[in-house]
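Contents: one structure, followed by commentary.
Each value in this text was obtained by applying a stated rule to the coordinates, not by laboratory testing. Since this is a predicted model, take the numbers as computed values, not measurements. Backbone-built Cβ (ideal geometry, glycine too); neighbour counts: all protein chains shown.
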Number of protein chains: 2
Amino acid sequence: MKKRLYQIVGKRLKAFREARGLSQEAFASMCNLHRTYIGGIERGERNITLETLQAIAETLKISPSELLKEKEEDV
Amino acid sequence: MKKRLYQIVGKRLKAFREARGLSQEAFASMCNLHRTYIGGIERGERNITLETLQAIAETLKISPSELLKEKEEDV
C-alpha cells in the first residue's frame, strides 16, 4: 500500500481548518469531537471511519472527497 | 446528517464489483477481507475505515474518491 489515505486526510483537514481561521479546539467543538482526537487525525495517526469523515466534511461545508485529494490547492 | 456516506460507498462497491464480473467471494479474497464483511459493506451496514476504503479502491484499481460518488455512471 502506498501513502495511507488517512494521512492524506489529516493534512487536508489541517489545511482546510487553518484556511478558515479555526483552532483545533473550535473546530472540534463544531463537529462534536474532542480536540485531541482532531489533533490525532491531523497528524495522520487516526484511521477514521466514513462517519467521522462525513461529519468533518459537513462541518467544513465541503464534499467528503475534497478531503481525499493530495493536492494542496483549492482549500 | 443526510444520507450516510458508508451507504453510498456500499452501493458503489457493489456496482464496481459487478461491472468487473466478480463474485463477493472472489472480490473478498482479492482484498483479503471476508465475504460476509464485503456483503455487509455493500448492504450499507458497515461504517468502514479509510484503510479499508483504500484497500477496496486499490483492489478495484480506482481512486478512493470514486467510491464516494452517488452517481451510478462511470462504473
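Data table
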read-out: Column: log10 I(q)/I(0), Debye, Cα scatterers of chain B, q = 0.26 Å⁻¹; value: -1.40
read-out: Separation of alpha-carbon centers, the stretch B:18-75 and chain A, rounded to whole Å; value: 23 Å
read-out: Table column - 3J(HN,Hα) (Hz), the stretch A:14-26, Karplus curve with 6.51, -1.76, 1.60, x for Gly and Pro; value: 4, 5, 5, 4, 5, 4, 9, x, 9, 6, 4, 5, 5
read-out: Dipole of the protein assembly as shown, positive direction: furthest Cα of A:Gly40, B:Gln7, A:Met30, with charges on the beta-carbon; value: A:Gly40
read-out: The protein assembly as shown: Cα Rg divided by the 2.2 N^0.38 Å rule of thumb; value: 1.05
read-out: ³J(HN,Hα), Karplus 6.51/-1.76/1.60, whole Hz, each residue of the stretch A:50-67, x for Gly, Pro; value: 5, 5, 5, 4, 5, 4, 5, 4, 5, 5, 7, 6, 10, 6, x, 5, 4, 7
read-out: Cross-link pairs A:Lys3/B:Lys3; A:Lys14/B:Lys69; A:Lys61/B:Lys61; A:Lys61/B:Lys11; A:Lys11/B:Lys14; A:Lys14/B:Lys11 - those with Cα-Cα distance over 27 Å; value: A:Lys3/B:Lys3; A:Lys61/B:Lys61; A:Lys11/B:Lys14; A:Lys14/B:Lys11
